[in-house]
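Student: Pasting a structure below so you can have a look.
The values are calculated or read from the model by the stated rules, or taken from the named source; none is laboratory data. Keep in mind it's a predicted model, so treat the numbers as computed, not measured. Neighbour counts are summed over all protein chains in view; Cβ atoms, including those assigned to glycine, are modelled from backbone coordinates with ideal geometry. Please note that ligands, DNA and RNA were not included when accessible areas were found on the heavy atoms of the full protein model with its side chains. Shrake-Rupley method; radii C 1.70, N 1.55, O 1.52, S 1.80 Å.
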Amino acid sequence: MEPDSIAGLSRALRARKVSSRELTEAALARIGRLDPLLNAFITVTPEQALAAATAADARLARGEGTALTGVPIAHKDIFCTRGILTSCGSKMLANFTAPYDAAVVERLAAAGVVSVGKTNMDEFAMGSSNETSYYGPVRNPWDPERSPGGSSGGSAAAVAAGVVPAATGTDTGGSIRQPAALVGITGFKPSYGRCSRYGMIAFASSLDQAGVLTRSAEDAALLMEAMAGFDPRDSTSANRPVPAYAAALDQPLRGRRIGVPPEFFDAGLDARCEARLREALQVFAALGAEIVDVALPHLALSVPTYYIVAPAEASSNLARFDGVRFGHRCEAPGSIEDLYKRSRQEGFGAEVKRRIMTGTYVLSAGYYDAYYLQAQKARALIAADLRRAFESVDVIAGPTTPTPAFRLGEKTADPVQMYLNDIYTIAVNLAGVPGISVPCGFAGDLPVGLQLIGPAFGEGVVLNFAHQYQLATDWHRRRPPEPAANPAQGGRR
Ligand code: GLN
């Protein structure tokens, strides 16, 4: 039995039509068959998974548990998992076993979710194609020659290929929404502060946020109810109640307003993607929503702003990887300087080094005012644009990515080309607001994503709009062709 939606599996588990153990065994078998090709997993944890499934079945047999009890998922390898390798896609942490669980992992486990393993990702979540991973690229189930996007590429591919019905991800500049769009699934990033960052390895702390990759907005709502909430161990976690997201999904859209910014439909947008988005807007119009123009005049500043702020924070966060406290240590260091230098030189890949150098430069005494301070001002303008727009609309709609999935290797030679993938997703992180990508059709054989953005802490509104769209369309039910499990094509190095 192949996993389908969480909502459907939950009903089947409660009706005792299937056991968590059967679902977990099926997920593990599918990993065994497909992962030599997809390379979506860094670590598979069959023993822990089967033990958790057995415990979930016992809970269900007693009539206990939640809507998530017994459902298999996977965690992005950026989340600390007690006793399990937590590599963050880096050689630096390729020997790091976390001594504790991240808050998100803890909360989902408490709800009875069964984790089958840790998914592949760009190194320290820096990338848009999963090609910066120390563990090799992930392949897109729709076309194994193409990237699934990044940095949550392993989570995206695992869900798209039907290995698990959902996986966790993190989104600093688009890393949930962008890969979700490129593999034809749903990817939801909540507001900054909604999910605790405790135990989530830091990339850019003012932007990082946990979220989910699922088959539907309904499933995202179910997972978010368990994942979100205040955590005193994260000083930026929001101390406000978590609404019942699933209960708000059915609100009709009649008379509600969708803002469409012309800045989202610029020359960089692939014509086929634009056509799919226009069709999606027609669906919303047919549901009674009003489509209105809104302006985001500073949107063009979002990529340069992000690529100053994020590397600045990364250079500071990654200073902790010094060969002493965490992870990789060079052989036979001659001095403390030699230990720092060689451990970092050997442990970090090229993109991570590029970010650390950029970040150190923009924070340096001579250039702080010219770059970092300017970027903070631009960030405030971008956030103000979005706040102003939400005074007159419920959600904003646009593309998730400029093009459908690109070929592996196509953009690796030019970092700026890679950075431009994030042009439509980054403003959401700079402003700290929620965003979702949902499948809205195809360009040739490749899926296209529609992005819906909400005001701060408007998770429920975003999920409601996305769910209504999914009730009216079936793009989220499309599946990639069953991949030929050919290990010769595998991405693992
Ligand atoms: N692609 C962006 C980057 O490389 C965003 C990554 C992310 O959201 N983690 O920084």
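Student: Peptides 398-405, 245-252, 153-160, 383-390: what's the order by average Cβ count within 10 Å, highest mean first? Let's see the in-between values first.
Tutor: On the way: 398-405: 24.2, 245-252: 16.1, 153-160: 35.0, 383-390: 18.1.
Order by mean packing, descending: 153-160, 398-405, 383-390, 245-252.
Student: When the chain is fully extended, how far beyond the present Cα-Cα distance does A267 get from A413, taking 0.36 nm per residue of separation?
Tutor: Additional length available on full extension: 50.3 nm.
Student: Extension gain R257-A319, at 0.36 nm per residue separation less the Cα-Cα distance, in nm?
Tutor: The R257-A319 span can extend by a further 17.8 nm.
Student: Over what distance in Å are the Cα centres of segment 401-433 and segment 41-112 separated?
Tutor: If you average the Cα positions of each part, the centres end up 30 Å apart.
Student: Which FRET efficiency, nearest 0.05, do R11 and T360 yield, Cβ-Cβ r, R0 45 Å?
Tutor: On the way: r = 52 Å, r/R0 = 1.17.
The formula returns an efficiency of 0.30 here.
Student: If you don't mind, there's one more thing I want to ask. Quick one: work out the % antiparallel among DSSP beta bridges in segment 18-171, nearest 5.
Tutor: Values: 5 of 10 bridges.
So the antiparallel bridges amount to about 50 percent of the total.
Student: OK, next. Under 1.5 on a/c is rounded, so check that first for segment 358-412, then, if it is not, pick prolate when a/b is larger than b/c and oblate when it is not; a ≥ b ≥ c are the square roots of the alpha carbon gyration tensor eigenvalues.
Tutor: Because a/c hits 1.5 or more and a/b fails to exceed b/c, segment 358-412 counts as oblate.
Student: Say R0 is 45 Å: what FRET efficiency, to the nearest 0.05, do R233 and E279 get from their beta-carbon distance?
Tutor: On the way: r = 45 Å, r/R0 = 0.99.
E(calc), rounded to 0.05, equals 0.50.
Student: Here is a follow-up. Computed over the Cα atoms, what is the radius of gyration of segment 355-481 divided by 2.2 N^0.38 Å, N being its residue count?
Tutor: 1.29
Student: From the protein chains alone at 1.4 Å, what is the descending order of accessible area for E279, E351, largest first?
Tutor: Final ranking, largest accessible area leading: E279, E351.
Student: Continuing with this model, one more query. Rounded, prolate or oblate: which fits segment 152-234 when a ≥ b ≥ c are the square roots of the eigenvalues of the alpha-carbon gyration tensor, with rounded for a/c under 1.5 and prolate only if a/b beats b/c?
Tutor: Prolate, because a/c is 1.5 or more and a/b exceeds b/c.
Student: Reported to two decimal places, what Rg/Rh ratio describes segment 106-258 when computed on Cα atoms with Rh from the Kirkwood expression? The partial results should precede the final answer.
Tutor: On the way: Rg = 15.5 Å, Rh = 15.9 Å.
Radius of gyration relative to Kirkwood radius: 0.97.
Student: Could you work out the Kirkwood radius for segment 1-135, taking every pair of different alpha carbons, averaging 1/r and inverting it, reported in Å? Walk me through the numbers on the way to the answer.
Tutor: On the way: mean 1/r = 0.0653 Å⁻¹.
It is 15.3 Å.
Student: Distance from the Cα centre of segment 303-348 to that of segment 157-196, in angstrom?
Tutor: Answer, in whole Å: 27.
Student: Over segment 114-203, consider all pairs of different Cα atoms and compute the Kirkwood hydrodynamic radius from their mean reciprocal separation; express it in Å, one decimal.
Tutor: Values: mean 1/r = 0.0779 Å⁻¹.
Here the Kirkwood hydrodynamic radius works out to 12.8 Å.
Student: Roughly speaking, what % of Cα-Cα pairs in the chain are separated by over 45 Å, rounded to a whole number?
Tutor: Cα-Cα pairs in the chain separated by more than 45 Å: 7 percent.
Student: Restricting to Cα atoms and excluding each atom paired with itself, what does the Kirkwood estimate give for segment 182-290 in Å?
Tutor: On the way: mean 1/r = 0.0604 Å⁻¹.
Across segment 182-290, the inverse of the average 1/r is 16.6 Å.
Student: Whenever you get a sec, line up R177, R11, R233 from highest to lowest accessible area (probe 1.4 Å, protein heavy atoms).
Tutor: Details: R177 0, R11 160, R233 110 Å².
Result, largest first: R11, R233, R177.
Student: Right, next: When only Cα pairs under 8 Å and 6 or more residues apart are kept, what is the percent relative contact order across segment 23-160?
Tutor: The value is 28 percent.
Student: Another question, then. Can you say what percent of the DSSP beta bridges in the chain, counting only those with both residues inside, are antiparallel? Round to 5.
Tutor: Percent antiparallel among DSSP bridges in the chain is about 70.
Student: Next question. Could you tell me what percent of the accessible area of the chain is made up of carbon and sulfur, with a 1.4 Å probe and every protein chain present?
Tutor: C and S atoms contribute 54 percent here.
Student: At most 12 other Cβ atoms within 10 Å and a DSSP loop assignment: could you name the trypsin sites (Lys or Arg not before Pro) in segment 30-95 that fit? Before the final figure, lay out each step's value.
Tutor: Working: sites: R30, R33, R59, R62, K76, R82, K91; in loops: R62, R82, K91.
Sites meeting the loop and neighbour criteria: R62.
Student: Using the per-residue mean of other Cβ atoms lying within 10 Å as a proxy for protection, in what order, highest first, do the peptides 361-369, 253-261, 20-28 fall?
Tutor: 20-28, 253-261, 361-369
Student: May I pose another question? S316 accessible area, nearest 10 Å², 1.4 Å probe?
Tutor: Approximately 80 Å² for this residue.
Student: For the chain, what is the mean residue ellipticity at 222 nm derived from helices alone (per DSSP H run of n ≥ 4: -39500 (n - 2.57); sum divided by total residues; nearest 500 deg cm²/dmol)?
Tutor: -11000 deg cm²/dmol
Student: Shifting gears a bit: Over the Cα atoms of segment 303-359, each weighted equally, I'd like the Debye log10 I(q)/I(0) at q = 0.12, 0.14, 0.25 Å⁻¹, rounded to two decimals.
Tutor: -0.30, -0.40, -0.95
Student: Right, another one. Restricting to Cα pairs below 8 Å that are 6+ residues apart, what does the relative contact order work out to for the chain? Please round to a whole percent.
Tutor: Contact order relative to length: 19 percent.
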